[in-house]
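Notes follow once the structure below has been shown.
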Amino acid sequence: MTTYIGTDTSRVDGRAKVTGAAKYAGEFNTTGLAYASVVTSTIAKGHIARIDASEALSVEGVIDVLTHQNRPPMASVDSAYKDDLAPEGSPFRPLYDDKVWFSGQPIALVVAEEQEIARFAASLVRVEYDKEAHITDLHRQRNMAFALKSPANPAENPYAPPKSRGTAEPAFAAADVRHTAEYFVPIEHHNPMELYASTAIFEADGKLTVYDKTQGVQNVQRYLCNVLLMKPEDVRVISPFVGGAFGSGLRPQYNVVLAAQAARALKRSVRLVLTRQQMYVLGYRPAMIQQIALGANAEGSLDVITHDAVTVTSQHELFHRQETGWSGLLYKSAHAKYTHKLARLDLATSCDMRAPSAASAVYALECAMDELAVALKLDPLELRLRCYSDRDQHADRPYSSKNLRECYRQGAEAFGWGERNPEPRSMRDGTELVGWGMATGVWEALQMPIAVRIMLTANGHAEVSCATSDIGTGTYTIMTQVAADMLGLPIDNVTIKLGDSTLPQSPVEGGSWIAASVSNGIATTAGSVREELLRLARQMPNSPLLDATPEEVALADGKLVSKRDASRAVSIAEAMRHGGVDRIEQEKTTTLEDDGSHAHNTHSAIFAEVKVDEELGVIRVTRVVSSVAAGRILNTKTARSQIIGGVVWGIGMALHEETLLDHKFGRIMNTNIAEYHVPVNADVHDIEVIFVDEPDDIVNPLGIKGLGEIGIVGVAAAIANAIYHATGKRVRDLPITLDKLQREIGK
Ligand code: MOS
């Protein structure tokens, strides 16, 4: 049953992608296509007093300029704008009225015969505003402890942090060794290669077919219907390929509304591709100030952990994740307490970005653990082992599986951790200080209800369809592998259809849940196909499977075979021929029943080596070993790619990434990838990925946990800890740039 599952099968869509045959949302063409360009607000808060589009309209080739004053009708109730991922509050409504919520907000759309004309004309739209005072600075007074107690423009946080346990304050006071510090993660922006893009095809009957860059075609389809007051059968959303999304495509973005609005207003197909600059206003990893306090006894077991956080959201929506929850989950400690506040700023709503909450929170936790290890004069890995927990500390329940111990062991061995001299500044390579640091990573293993349709033809070809996306993670490939194994077919005989809202129901691709969801979904539907084939096979004269039950047969090599006696078999083609059918089609919805008795998580151990130029403070991450326990690995090649991608992003988080605001204007300044730094090839050196065995027959029938996010969690902490080990200096304020490190070294 596992010819393909667990192998390093190359991407089935790889050839299409590298040859350009794979089409993305901004590449679909049609006759009479018009091009749109967005005009964005230059103030952070207030109202539009006047828009003068006359100059733009006078440019030859400009078709129309849409504003809140002349757009087609759209829904007036908040609920219409609530997509599957909408947090509490009022979702942003593009071109709805004259209110400006954030700098960079779309306020007009120029549509023209050519892309360049639209973009040029957009620069000619004159806007006057009634400005109001804005607030975009989370820190105020540049004081983290102050901001934690009294955040800028605080909101009631609708999310209750995990329940405290024990009595944190007295336990902390009584602890032998204590560590308290504040850590900062700045606003970070997604920078997928593919820009936000929508091509809205206006069909002859007024229906819309919308090619959109999204992680969830059905989420966008429902949203568009609600917002534009259209019937479900009149809107189809398609997204066969996605050039990276990382959470930025979970919620419908404004470009899809504007493209669809323009298509309806003009009765013409319209394409809108945002510019890289315009990508920087839509959602981002919320900046997070956090304080971690750890108290331990002298032997290095943790008594108490407190985690206080404040994160950024917009004025109109309260985005939040379980930021503080990760701390209490991971390590054994009798006492724990958490607080989580929200600061409402005049910015777009923050959103999910790869391993939302965990990437930020575990960074702080794992740096704090490193600092505690130093205070205890204990090896940081040894501290983790002394605090190791075999049970979910929040709910006091076992894990469905947790092989983190093996991640530590294999990771440490591969890295050579045993050779580490614990003394900071003790290891050198020429003029460079060498530092070795480590951290733990954790993420959740979820599964969502999903529907899968399989059509098996008599010639042994299967078409497997589901409305999920493949955001570059390799979903096409793992679906092909799983279906081939479940149906006993060669991999070339399986075709996958996804990324189309008319296909069987799927949740958005996110949260690392699609691999487990869709694979188990395929297994369920393949089971129905097998049953139907058996029904036909049993009706054949002298059927060798006459008394076989569905559990007793498997599909292999194009045949239905008895598991007890392989000589008893019927070919798929024969069974169908006798049954008088040329195809079997089944669609099933699979929902995992979770009785709550077990925690489902993935884990990792990350070991990082840095080399720091002692004079200049230049940091290089020369080696990373990421050792991951994530249940059954479906494809060792694409899985490895996922983890490498996460590690590279972790390098960016530790050393490069930071969205910079000019608070005077409430505007993001570095809205391009020249000034918003991300790791480039020269910043990425040796990365080794290890998958430890983690059989798990509780999490779901196939034992799959998902890998999209675990790769980034803990990486920034491992690097920060390595920098401390190299230099003896702690920079707790990400990114750890040369200036900050030099300031510390100079102390
Ligand atoms: Mo992920 S941040 O759920 O795309």
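Brief remarks on what is shown
- Note on region 470-486: among residues that are touching a helix residue (DSSP H, G or I) at 6+ places or on another chain (Cβ under 7 Å) and within 16 Å of the ligand (Cβ to nearest atom), the one that is most open to solvent (accessible area, probe 1.4 Å) is THR473.
One line per residue, one yes/no per condition, for (1) out of contact with any strand residue (DSSP E or B) (no Cβ under 6 Å at 6 or more places or on another chain); (2) not in a helix (DSSP H, G or I):
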{"residue": "ALA152", "(1), (2)": "no, yes"}
{"residue": "GLU169", "(1), (2)": "yes, no"}
{"residue": "PHE172", "(1), (2)": "no, no"}
{"residue": "PHE184", "(1), (2)": "no, yes"}
{"residue": "PRO192", "(1), (2)": "yes, yes"}
{"residue": "ASP205", "(1), (2)": "yes, yes"}
{"residue": "GLN221", "(1), (2)": "no, no"}
{"residue": "MET230", "(1), (2)": "yes, yes"}
{"residue": "VAL242", "(1), (2)": "yes, yes"}
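- Out of ALA674, ALA654, sole residue that is in a helix (DSSP H, G or I) and among the hydrophobic types (A, V, I, L, M, F, W, C): ALA654
- Subset tally (residues that are in contact with an Asp or Glu (Cβ under 8 Å, 6 or more places away or on another chain) and either open to solvent by 10 Å² or more (accessible area, probe 1.4 Å) or without any contact (Cβ under 8 Å) to a residue 12 or more places away in the chain (or both)) for region 310-336: 6
- GLU444 meets each of the listed conditions (1) more than 16 Å from the ligand (Cβ to nearest atom); (2) open to solvent by 30 Å² or more (accessible area, probe 1.4 Å); (3) within 30 Å of ARG384 (Cα to Cα) apart from (1).
- Which numbered condition ALA204 misses (of (1) open to solvent by 30 Å² or more (accessible area, probe 1.4 Å); (2) among the hydrophobic types (A, V, I, L, M, F, W, C); (3) out of contact with any helix residue (DSSP H, G or I) (no Cβ under 8 Å at 6 or more places or on another chain); (4) in contact (Cβ under 8 Å) with a residue 60 or more places away in the chain): (4)
- Test: residue in region 293-305 that is under 21 Å from ILE673 (Cβ atoms) and not β-branched (Val, Ile, Thr): no
- Hits in region 223-263 - residues which are surrounded by 19 or more Cβ atoms within 10 Å (Cβ to Cβ), charged (D, E, K, R) and away from the ligand (no atom under 16 Å from the Cβ): ARG236
- Test: residue in region 327-336 that is under 21 Å from the mean Cα position of the chain (by Cα) and within 16 Å of the ligand (Cβ to nearest atom): no
- Of all residue pairs spaced 6 or more apart or on separate chains, those with beta-carbon atoms under 9 Å, a first member in region 221-250 that is farther than 30 Å from GLY14 by Cβ and a second member that is more than 14 Å from the ligand (Cβ to nearest atom) and aromatic (Phe, Trp, Tyr) are TYR223/TYR81; ASN226/TYR81; VAL227/TYR81.
- So ARG354, is it of a type outside the set (Ser, Thr, Tyr), within 16 Å of the ligand (Cβ to nearest atom) and either over 28 Å from PRO735 (Cα atoms) or touching a helix residue (DSSP H, G or I) at 6+ places or on another chain (Cβ under 7 Å) (or both): yes
- Put simply, of THR275, THR313 the only residue that is in a loop (DSSP other than H, G, I, E, B), modelled with pLDDT of 95 or more and not aliphatic (A, V, I, L, M) is THR275.
- Residues satisfying the stated conditions in region 505-560, i.e. within 29 Å of GLY711 (Cβ to Cβ), in a loop (DSSP other than H, G, I, E, B) and away from the ligand (no atom under 16 Å from the Cβ): GLN505
- Flag if ALA343 is closer than 20 Å to MET653 by Cα and open to solvent by less than 10 Å² (accessible area, probe 1.4 Å): no
The values are calculated or read from the model by the stated rules, or taken from the named source; none is laboratory data. Not measured: the values here are computed from a predicted model. In this analysis, Cβ positions are derived from the backbone assuming ideal geometry, glycine residues included, and neighbour counts consider all displayed protein chains. Ligands, DNA and RNA are stripped out before the accessible areas are found, and what is left, the full protein with its side chains, is counted by its heavy atoms. Shrake-Rupley method; radii C 1.70, N 1.55, O 1.52, S 1.80 Å.
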